[in-house]
Structures are given as structure tokens and as C-alpha cells.
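Trainee: To start, I am sharing the structure in question, which I have written as C-alpha cells.
The values are calculated or read from the model by the stated rules, or taken from the named source; none is laboratory data. Everything numeric in this text was worked out from a predicted model, so none of it was measured. Cβ: placed from backbone, ideal geometry, glycine included. Neighbour counts: every protein chain shown. Note: accessible area is taken over every heavy atom of the protein model, side chains too, but ligands, DNA and RNA are not part of it. Shrake-Rupley method; radii C 1.70, N 1.55, O 1.52, S 1.80 Å.
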Amino acid sequence: MRGGEVVRASQEPGVAMSNAASRARPDIGGPQDLFNSVKNTIGLPTIVRGENIYIFDDQGNRYLDAISGAMTAQLGQGNRRVLDAMHDQGMRHSFSYVRTTRHLPNLQLTEKIARLAGPGLERVHLSSGGSEAVEMGVKFLRQYAFATGQRRRTKVLSLMPSYHGGTLGTIGWTGDEDSAAVWGEMAHFSTKIPAPLSYRPPGGGTSRDGALYAAARIEQSIQELGPENVLAFIVEPVGGQSTGANVADPVFFTELRRICDRHGVFVVFDEVMSACRTGSFLAAHEINDCKPDIVVTAKGLGAGYTPMGAVLAPAKMVDQLAELTGFNLSHTYGANPISCAGACAVLDETIERDLFGNAARMGSYIRQRLEALKARSPVIGDVRGKGLLMAVEYVRKRDTKEPFSAEVFASDRIRQIGLRHGVMLYSRRQNQGRYGEWSLIAPPLIITESQADELVDALEKSVAEFTDEMTRAGVLQ
Ligand SMILES: Cc1ncc(COP(=O)(O)O)c(C=O)c1O
């Protein structure tokens, strides 16, 4: 059964309801669709079943999930061990509050995470997702600075473009000019540094030149703001959707650490997306010369089975703060027992099946095939990333790196064509395409070599069809 072929009318119970919902507003969709872009939402497949790395819609079409839902479903669909662990935990003890009780799943999960994170990140605060973890991490640093007499340190620096979440706090640290226009009056927008993009280096030149340029801008900004006012620099060690899996030249991180040390500024690694995907538990483990002060993560911890996020911090800082004022923030669902039990099972599965190793092996296999595809395709300008967090960037002209126009919206057109070829992709073109556009390639960590071939073959067909379409329309010569 392949995408685009209507094989059977599904009998699944949820389908009747979703069909009824869309019949209610055939022009714009059902109630939940109204919270998304109408243009994007209508026509999205209604998923009724998942198996391994595939999802199935109510028309009987099968899609290989090339983006793990949202770079999240690391174990694919329907993992019995995770689901059983959550069920068993729920039957034993479903909820108590983290401020009034301790419970075993919280202790077990935080121990597992701390062991994987290694020395310097011994304490773990759990949250219910990425934005919450990013905010908690920065608030922890702020409270630490306040308690240790550095009361003026409030400013957080970050990169343009970047993504750190969708709450008002994290929107302010996110590097997105479009969102700044909407939320500028409400969110506290931080100073942004040009991201050290490897394909489009700021300031021109090589990727290393761009990294050095960005580093120099960090130092300049800290000096302009006054070092005594700067709390932290937050950065994705491997980029996500906002940069298309950008991997900065290593000199960027060497310089970042040196500059932040000189001015007493904390370095925060936002590993909400990159953790577990790049061949190690943390991408931080693969970066020399820049040990982050704290790390935040989420997505893959719950692997799509349950919301889960974490702030990882040094025992030294957490213990010192505990002596002074304590860390006085929490959310109701933080460290809830069912989610903790699920996340413990996710990590056990990941380790026992060597899925970090598989991410490295399959990452380099897919990378090789994508490079070969790039050599054959006139519209692929760049292939980049690390492990199973990769991207393919589309351009109208490879020699000048000129992107396609907004009307073409190449990455979304390729996503749509991909559905017909049985592959689920995700498109992003932001800031008027200033930084380009791409498809992230981030399948579940359980992907096999034959499934990797299927993924790249489907992408190749989709890109070829798009190229023909653009040639016929005169967009490509
Ligand atoms: C790097 C990064 N930080 C933060 C977030 C926000 O996470 P969430 O959507 O779970 O709030 C994301 C989500 O994509 C992300 O990629």
C-alpha cells in the first residue's frame, strides 16, 4: 500500500468522527483546523494508525514518516514496552505533585538522564515539553544569578535565525523576524546575533569565516549591553527547523565558550530537538572546547508517547542555589509518574537497541545517498546535519544559491508531492525566504537501511517531479 493509492475505505472508529467534523465545515475544515493555517491544514491526511516508522490515513494510504512526527517519535509507532510501562505505572500510582511528594519513576528517570549526560550535568528538572524546559532553564540561571548577587544579569542573547519555543518568554529568545513583528510589543525580544550558517555564512566567505564573524558579534553585543547585564547565550548545537539542521564550524563553539567565560555569561545548549539524534545522547558530547553550563531537552525523551522535557544542570550550581533561596518554580504536570515511566522505557529501549549508534550509522548512510542525489539534482543546493537530524536545501540556482520565490514555496510543494510518493515531509520557509528553505530529514531512530533507501527514493521522485513542474512553468531553465 503506497501513498496516493486509495486501497480501502477504513473502518477505524475515529474516522467516522473526523469525517463528520470536516463535513461540518467543508470550506475551512473542522474545529481543530481553525487553529492552524487554513491553507496548510486542509488536505492534510487524517491519520488513523501507525506501525513501525509508517503512518496510515483514513484513505488507506501509507506514509514513511521522514520527520518522526515533529522530530520526536524516535521509536516509531506502537512500542509495546513504552505503552505497557505507562499503563502499569498508571494502574499503580497515576499522579502526585512534585512539590509535595517524591516518587520512583521521577527518581529513576532523572538518574538515567544524569548518567547519560555525564559529569557536570548531574541534576535534572523535568518539564512537560520543550518551551517549558527552555524557560525553566533560563529561569534557573536567572534565579541563580539573583541569589548570588549578580542581580543585573537578565539579558539573554541568541541567534538569528533560531527557534527556542512558542511561549512568550521563548518567542523573545527565538530568532524569527516575522514573529518579532507580531509579538514585539508583548514578548521581551533579546539581542540577536547572525547565526553561523554553513551554507550562507554571515559576512560572506567560508563557513569558518561566518563562524568567526558571528563570534565577534557576540563579543561586541555583550560589550554594548554591558557584561554585568548579560545572563546567558542560548544556542542549538545542531540547528533544527529554523536553520535546516545547520552545523556551525567548530570554531564558533570554541570562541563562544571563551567569550562567555571572559564575561561571566552562561552558555545554554537548547537540545530540545538534537538530543538523541546526532549519534550520542547529547550533541554537546560531540562538541570539543565548549561545555555548556546547562542543557535543555524534550522531544525525543518522551518519543511522542508522552510530553516530557528536562533541564540538566551542574550539581554545584543547583546545590548552591538550594542553600540560598531554592528554585521556586514548577508546573503541575512536571515529572508526573505516568510520563516518567514512559520516558524511562523510551531510554531503556534506546540504549538496549543501540539507537544512538543506529542514528550515527543510518545518518551517514542517508547522508551519502542525499549527497549523490544532490549531485544529480539541479534544485538541491545543500545537504547538511548530523546523525538523523539532516536537511536538504532547495534553490532555484545552485551557483548563486538563489531561493525559489514565495509563490513557488518549493519545500511545501515537495511536501505535497511527497505524500503521493508515500513519504511524510515537513516544509519551512520563514523570514521571506531570506535564509532559504528546506526539508528536514529526521526519521525515527529505529530506521533500517532498506527503509532509508525507501525514504531517499521517495524524496528523489518528489524532487524530480517538482523539477519537471518548474521546468514546464519556465521557473527553471
Ligand atoms: C530547539 C527547540 N527548542 C524549543 C522547542 C519548543 O519545544 P515544544 O514545541 O515542545 O514546546 C523546539 C520545538 O521544535 C525546538 O526545536
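Trainee: Is it true that some residue in segment 217-230 is open to solvent by 40 Å² or more (accessible area, probe 1.4 Å), away from the ligand (no atom under 16 Å from the Cβ), closer than 13 Å to MET160 by Cβ and outside any loop (DSSP other than H, G, I, E, B)?
Mentor: Yes: segment 217-230 contains one or more residues that are open to solvent by 40 Å² or more (accessible area, probe 1.4 Å), away from the ligand (no atom under 16 Å from the Cβ), closer than 13 Å to MET160 by Cβ and outside any loop (DSSP other than H, G, I, E, B).
Trainee: If you go through segment 126-140, how many residues are near the ligand (Cβ under 7 Å from one of its atoms) and open to solvent by 10 Å² or more (accessible area, probe 1.4 Å)? Let's see the steps before the verdict.
Mentor: We begin by selecting, within segment 126-140, every residue near the ligand (Cβ under 7 Å from one of its atoms); these are 129-132, 134.
Imposing the further condition that a residue be open to solvent by 10 Å² or more (accessible area, probe 1.4 Å) reduces the set to 129-132.
Qualifying residue count, segment 126-140: 4.
Trainee: Residue under question is PRO202, and the condition is that it be closer than 22 Å to GLY279 by Cα, of a type outside the set (Ser, Thr, Tyr), crowded, with 18+ Cβ neighbours inside 10 Å and touching a strand residue (DSSP E or B) at 6+ places or on another chain (Cβ under 6 Å); does it hold? First the steps, then the outcome.
Mentor: Details: closer than 22 Å to GLY279 by Cα: no; of a type outside the set (Ser, Thr, Tyr): yes; crowded, with 18+ Cβ neighbours inside 10 Å: yes; touching a strand residue (DSSP E or B) at 6+ places or on another chain (Cβ under 6 Å): yes.
Here the answer is no, as PRO202 does not meet what is asked.
Trainee: Let me ask something additional. How about segment 379-397: which of its residues are assigned to a loop (DSSP other than H, G, I, E, B) and either under 19 Å from GLN432 (Cα atoms) or of a type in the set (Gly, Ala, Ser) (or both)?
Mentor: Within segment 379-397, VAL379, GLY387, VAL395, ARG396 meet the criteria.
Trainee: Return the residues of segment 417-434 that are in a helix (DSSP H, G or I), open to solvent by 20 Å² or more (accessible area, probe 1.4 Å) and modelled with pLDDT of 95 or more; say none if nothing qualifies.
Mentor: LEU419, ARG420 - these are the residues of segment 417-434 that are in a helix (DSSP H, G or I), open to solvent by 20 Å² or more (accessible area, probe 1.4 Å) and modelled with pLDDT of 95 or more.
Trainee: Can you name every residue in segment 288-328 that is away from the ligand (no atom under 16 Å from the Cβ) and farther than 24 Å from THR148 by Cα?
Mentor: ASN288, ASP289
Trainee: For segment 258-272, which positions are among the charged types (D, E, K, R) and either crowded, with 21+ Cβ neighbours inside 10 Å or within 22 Å of the chain's Cα centre (by Cα) (or both)?
Mentor: Answer for segment 258-272, where residues must be among the charged types (D, E, K, R) and either crowded, with 21+ Cβ neighbours inside 10 Å or within 22 Å of the chain's Cα centre (by Cα) (or both): ASP270, GLU271.
Trainee: Considering segment 435-464 alone, what residues qualify as being open to solvent by 20 Å² or more (accessible area, probe 1.4 Å), over 20 Å from the mean Cα position of the chain (by Cα) and under 18 Å from PRO403 (Cα atoms)?
Mentor: Of everything in segment 435-464, just one residue is open to solvent by 20 Å² or more (accessible area, probe 1.4 Å), over 20 Å from the mean Cα position of the chain (by Cα) and under 18 Å from PRO403 (Cα atoms), namely ALA464.
Trainee: Then there is this: For ALA195, only one of the following conditions fails: (1) open to solvent by less than 20 Å² (accessible area, probe 1.4 Å); (2) within 11 Å of the ligand (Cβ to nearest atom). What is its number?
Mentor: It fails just one condition, (2).
Trainee: While we're here: In segment 352-378, how many residues are more than 26 Å from TYR435 (Cβ to Cβ), surrounded by fewer than 18 Cβ atoms within 10 Å (Cβ to Cβ) and in contact (Cβ under 8 Å) with a residue 12 or more places away in the chain?
Mentor: 3
Trainee: Pull out all pairs, ordered by first then second residue, where Cβ-Cβ is under 6 Å, the residues are six or more apart or on different chains, the first lies in segment 233-249 and is touching a residue at least 60 places away in the same chain (Cβ under 8 Å), and the second is aromatic (Phe, Trp, Tyr).
Mentor: Final answer for the pair search is ILE234/TRP173; GLY240/TYR163; SER242/TYR163; GLY244/TRP438.
Trainee: Filter segment 159-177 down to residues that are more than 7 Å from the ligand (Cβ to nearest atom) and over 19 Å from PRO202 (Cα atoms) and give me whichever is least open to solvent (accessible area, probe 1.4 Å).
Mentor: Out of the qualifying residues, it is GLY172.
Trainee: I've got another one for you. Among the listed residues GLY326, GLY334, GLY309, which satisfies the condition of being touching a Leu at 6+ places or on another chain (Cβ under 6 Å) and within 18 Å of VAL138 (Cβ to Cβ)? Give the derivation first.
Mentor: Values: GLY326 fails: touching a Leu at 6+ places or on another chain (Cβ under 6 Å); GLY309 fails: touching a Leu at 6+ places or on another chain (Cβ under 6 Å).
Going through GLY326, GLY334, GLY309 in turn, just one is touching a Leu at 6+ places or on another chain (Cβ under 6 Å) and within 18 Å of VAL138 (Cβ to Cβ): GLY334.
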